[in-house]
Amino acid sequence: MDEQIQYSPKQILIFEGVMNLLQEGRPIHELKVAEIAEASGMGKSTAYEYFSSKEEIIREALTYHMSENFKNMVQFVFEANTFKGILEKALIYLEDSLEKRFTGIFLLAMSEHQAKSDKGHYMDPFMMEKMDAVTMRELERAMLIGKNEGSVAADLTLMDLKMTVLGFFSAFVHELLPLKSIHCGIKVEPDLSLENSEEMIKRLHERTVRLMLKTLA
């Protein structure tokens with residue numbers, strides 16, 4: 001991910017075409033090169049000038065979008081210069097991502113499911129290994145900031161941090177989804193209004209950060 005592949009403008013248009021079709025709810029294994037090309041504003045023959053198959057197009061599109069998503073997340077999160085600020089911005093980014101149906105994480109889960117269903121494996125294993133390595137590196141970067149300022153216990157390991165953060169993020173999403181549903185016109189809780197859902201979301205952010213800091217100290 002540090003050595004990111006340079007794609008041409010037309011290749012990126014093709015990737016956007018894939019994403020637009022997925023946003024419309026098309027199953028990934030049913031996509032065809034002709035409709036990907038049409039969604040990209042070009043002919044099928046042009047798409048084949050850059051890629052040899054539908055599988056290659058989708059694999060490269062997922063790789064590109066996951067890489068961009070991760071890069072944007074890291075840049076956003078590390079605008080903060082304190083460990084608490086990093087956690088707060090990570091939750092903000094996570095909430096924002098939930099409003100976009102096809103985030104990098106969702107694409108990963110979806111493509112892994114397709115691999116298991118014999119519809120084709122659309123993820124690049126090397127890219128996934130590299131993403132995992134970069135994720136651990138960025139977690140270590142955050143951990144060192146926390147240890148230097150005394151927010152994180154000196155004997156906390158990187159794997160401890162990973163397990164704790166991922167656990168809290170999962171719980172945060174679980175609590176957040178019903179509160180966000182009203183923004184889409186869906187009332188999961190009968191007494192929930194837009195106004196009090198926003199206040200509850202604010203408190204959820206504060207509570208999650210407070211509990212993470214308490215656990216990691």
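Set the Förster radius R0 to 25 Å, insert the Cβ-Cβ distance between E68 and E38 as r into 1/(1 + (r/R0)^6), and round the FRET efficiency to 0.05.
The pair E68/E38 has a calculated efficiency of 0.60.
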(Q) Using a Förster radius of 41 Å, what is the FRET efficiency between E199 and N81 based on their Cβ-Cβ separation? Nearest 0.05, please. (A) 0.90
Q. Could you give the nm distance between label points at Y50 and S8, where each point is 7 Å from its Cα heading toward the beta carbon?
A. 0.8 nm
Q) Each residue of region 76-85 in order: what ³J(HN,Hα) in whole Hz does its phi give by Karplus 6.51 cos²θ - 1.76 cosθ + 1.60, θ = phi - 60°, with x for Gly and Pro? A) 5, 5, 8, 5, 6, 10, 10, 5, 4, x
Q. Of the cross-linked pairs K89/K147; K130/K202; K147/K180; K130/K180; K10/K89; K32/K89, which ones have a Cα-Cα span greater than 28 Å in the structure shown?
A. K130/K202; K147/K180; K130/K180; K10/K89; K32/K89
Q) Once fully extended, how much extra length lies between R26 and K180, figured as 0.36 nm per residue of separation less the alpha-carbon to alpha-carbon distance? A) 53.1 nm
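Any read-out appearing in this document is the output of simple, stated calculations on the displayed coordinates, not a laboratory observation. Owing to the predicted nature of the structure, the values given are computational and were not obtained by experimental measurement. All Cβ positions, glycine included, derive from the backbone under ideal geometry; neighbour counts span all protein chains shown.
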